[in-house]
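Since every read-out is calculated from the coordinates, none of them should be taken as a lab result. Nothing here was measured: the structure is a model prediction, and the numbers come from that model. As a convention, Cβ positions derive from the backbone with ideal geometry for all residues, glycine included, and neighbour counts pool all protein chains shown.
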């Protein structure tokens, strides 16, 4: 029905509520995305506390395809296959007015972390490269998908912090892959919902004055008047899809006998609003794939 | 994990770890569609623990096979949904592209193109 870059609406007919709900649950909770997880703060003299700043950075949606990355588990080292590194360095000089730190200040570092780890022994390996917090084998810029599209936050105008004169924030943020179940920052949809198609049935013929009354009652103009000839008019249901089931048309004395409001049991109107990492039709396809994978896991466990 | 009796394998309870309503409800629905099944249901023993118990009772066939068939049916359904959806998205994009081209090449007082879906 409707498809933009960020949201879409479509109809599913002939499916059951259980499956539709499964799709909705998977879209919200089990589709992986990339989001900032670890924030290494070098300097924060702003009034925003470290943890609040880290929390806000985690919620910023990042425009990158999560299918190109792997999960990072406990004992893995962060390398170019599972981490995306961002840097944020903002300073408000003394004498200049207050500045607002927006999400476009996050710069992508395709070569990995720049912060140097402190090594215990002074006579460490003879390599001249200092050890950083990530172990990037090769620069992420060489991956073909990122050559033309650098990794940036999806919306550049998200306010992350505010700085007064003389305050500075310098930090490095590592984004990893995760699913919505562990934390909502990893949910790829702003939201996803479905509703069933409403069915408005006129139990008797409604004519003339009653028809006009019915048409004027509905706030979304579901009904229409059609002319039958000989001056008689009849009410018809023109746009059942727009009906919000407000029940305004069955208020009053006898209307309940004339209009029946129901839902069609197997016609679902899905709406998916994506946060921007992936386009919504891809999200739905991935969700269906994930349900298939779950089934397959159950099957292999059984046999 | 399956809990049943050793003599009668037409009724059994399957305990799945790391699952929740998402898959359990879908599997229960497909099990219900199977004519060999007399009873099927699922329960979650405690919401803090990610475990689901699915109970299947059949008319003689081993419960394990019936559950496997239900999962296969669910997978087929998913595949069908996916292919239908992909095709619908393609059709929609194609018809939108055509509409955009028509609007570009018409005057400002053009009439609407006909509704295809």
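Please report A:16, A:6, A:157 as a ranked list, fewest other C-beta atoms within 10 angstrom at the top and most at the bottom.
Least crowded to most crowded, the residues run A:157, A:6, A:16.
Would you mind giving the mean number of other chain beta-carbons within 10 Å of the Cβ of each residue in B:24-31, as a whole number?
5
Evaluate peptide A:278-289: per residue, the Cβ atoms of other protein chains within 10 Å of its Cβ; return the mean as an integer.
Mean shielding by partner chains, rounded to a whole number: 3.
Below 8 Å, C-alpha to C-alpha, sequence gap of six or more: please give me the relative contact order for segment B:2-102 in percent.
Normalised by residue count, the contact order of segment B:2-102 is 27 percent.
With a/c under 1.5 counting as rounded, go ahead and sort segment B:2-102 into rounded, prolate or oblate using the C-alpha gyration tensor (a ≥ b ≥ c being the square roots of the eigenvalues; past the cut-off, prolate if a/b is larger than b/c, else oblate).
Prolate shape, in that a/c is at least 1.5 and a/b is the bigger ratio.
Neighbour counts of other C-beta atoms within 10 Å: give me A:282, A:259, A:200 arranged from fewest to most.
In order of increasing Cβ crowding within 10 Å: A:282, A:200, A:259.
May I ask you to derive the FRET efficiency for residue B:39 and residue A:107 from their Cβ-Cβ distance with R0 = 56 Å, giving the value to the nearest 0.05?
Efficiency, from the Cβ-Cβ distance: 0.40.
Take the alpha carbon atoms of segment A:156-206, find their center, do the same for segment B:57-96, and report the distance between the two centers in whole angstrom.
29 Å
Sort A:186, A:108 so the one with the fewest other Cβ atoms within 10 Å of its own Cβ comes first.
A:108, A:186
How high is the FRET efficiency between residue A:239 and residue A:152 when r is their beta carbon distance and R₀ equals 60 Å, given to the nearest 0.05?
Here the calculated transfer efficiency is 0.90.
Residue A:205 versus residue A:91, label points 7 Å from Cα toward the beta carbon: distance in nm?
Output for this residue pair reads 8.5 nm.
What is the average number of partner chain Cβ atoms found within 10 Å of a Cβ in B:69-76?
So the per-residue partner count for this stretch is 5.
Any chance you could run the full-extension gain for residue A:75 through residue A:190? It's 0.36 nm times the residue separation minus the Cα-Cα distance, nm to one decimal.
Stretched out fully, the residue A:75 to residue A:190 stretch lengthens by 38.3 nm.
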